[in-house]
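What follows is a short report on a single structure.
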Amino acid sequence: MRQFLSRFAGSIMAVLSGFDRIVFRGSHRSLAFNHGMEAFVNSIGVLRKDFGAYARQTTEELKSASLAKCHELERPYRYLTSSRERKETLVQRILERSPVDEGLICVLSCVEPCTTFNLFRSRETKRREFRRQPGKCQHLYHYFLHPRFGLMHVRLQTWFPFTVQVCMNGREWLAREMTKSCIRFVKEDNCFPYVDDPLRAQRLLAKQVHVDWPHVLDRLALEVNPALPSILRRDDPHHYWCAHQLSGQPTSSSLITSRSPPSISLSCSTR
């Protein structure tokens, strides 16, 4: 990146630095570890021998509640037989056939690896105990055109512990903010080869850090999993959030500019 900037210094007006791919992962702390799961099952009065039936019923209730809005809005639902299928490509085709200006685009479903709980008989205690271990289960991908963040998705694990993953694109977000702020720009793929006011654009990028993320993410999680409060009963439905991926910081998107928008674009590079 530095070599490129040095070579084309005479043509580069500015460099924007900000987030590209943003992924948050949310979990419910009482369900995130073995003893927490034990305490939760005890609190709702489910016997170990009945846990399998209870978990299956809970998953079905969760999926039904999660898909209710999709059915209500008559948005597409697709089950994918392979997790390798490119979901973004399918979503773009769905948008072309069934466009929306804002809100839910579709829901995609796929069986994928996850971390979950199983019951094992302990040699030490001579009783059945929960153990957290790798597994597979169905996941629901809710794709949205969010009024603030643009194209994004929320991935919901439909089996205990119901982990949620929120994925958005900082450049998509910036494009919407620049449009609202009447900043002219050219966007090619995930880069901006032209922005007519890079200082204002950089200020908008800087604001992405100062968001009440727990509040925003909890609302998104509840939207895709409205059954969570009834599943947890007396427990707090708020999630514990961590930044799973924050690509692009520090990553720069170089802007090549003249008095009119250029015809070439640059890819992003991590220093």
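The values are calculated or read from the model by the stated rules, or taken from the named source; none is laboratory data. All figures in this text were calculated on a predicted structure; none of them were measured in a lab. Note that we place each Cβ from the backbone using ideal geometry, even for glycine, and neighbour counts take in every protein chain shown.
Six or more apart or on different chains, Cβ under 7 Å: which pairs go from a residue in region 38-61 that's at negative phi to one that's outside any helix (DSSP H, G or I) and exposed (fewer than 11 other Cβ atoms within 10 Å of the Cβ)? Could you list them? Sorted first by the residue in region 38-61, then by its partner, the pairs are 44/233.
Among 15, 23, which is in contact (Cβ under 8 Å) with a residue 60 or more places away in the chain and touching a Ser or Thr at 6+ places or on another chain (Cβ under 6 Å)? Going through 15, 23 in turn, just one is in contact (Cβ under 8 Å) with a residue 60 or more places away in the chain and touching a Ser or Thr at 6+ places or on another chain (Cβ under 6 Å): 15. Residues considered: 183, 105. Of these, the only one that is closer than 21 Å to residue 216 by Cα and of a type in the set (Val, Ile, Thr) is 105. Looking at region 1-114, none of the strands (runs of 3 or more DSSP E) lying wholly inside it contains 1 or more residues that are touching a Cys at 6+ places or on another chain (Cβ under 6 Å) and at pLDDT below 95. I'd like the residue in region 221-241 that is touching a Pro at 6+ places or on another chain (Cβ under 6 Å) and in a helix (DSSP H, G or I) and, out of all such residues, is surrounded by the fewest Cβ atoms within 10 Å (Cβ to Cβ). Residue satisfying both the conditions and the ranking: 229. The residues on offer are 102, 72, and the sole one that is out of contact with any helix residue (DSSP H, G or I) (no Cβ under 9 Å at 6 or more places or on another chain), closer than 16 Å to residue 153 by Cα and of a type in the set (Asp, Glu) is 102.
No other residue among 212, 189, 218, 196 is closer than 28 Å to residue 42 by Cα and either surrounded by fewer than 20 Cβ atoms within 10 Å (Cβ to Cβ) or touching a strand residue (DSSP E or B) at 6+ places or on another chain (Cβ under 8 Å) (or both) apart from 218. Given the criteria surrounded by fewer than 18 Cβ atoms within 10 Å (Cβ to Cβ), without any contact (Cβ under 8 Å) to a residue 24 or more places away in the chain and not aliphatic (A, V, I, L, M), does residue 102 qualify? Against the criterion (surrounded by fewer than 18 Cβ atoms within 10 Å (Cβ to Cβ), without any contact (Cβ under 8 Å) to a residue 24 or more places away in the chain and not aliphatic (A, V, I, L, M)), residue 102 does not qualify.
Residues in region 44-69 that are among the small types (Gly, Ala, Ser) and in contact with a helix residue (DSSP H, G or I) (Cβ under 9 Å, 6 or more places away or on another chain): 2 in all.
Scanning region 195-208 for residues that are out of contact with any Ser or Thr (no Cβ under 8 Å at 6 or more places or on another chain), assigned to a helix (DSSP H, G or I), more than 12 Å from residue 170 (Cα to Cα) and of a type in the set (D, E, K, R) yields a single hit, 203.
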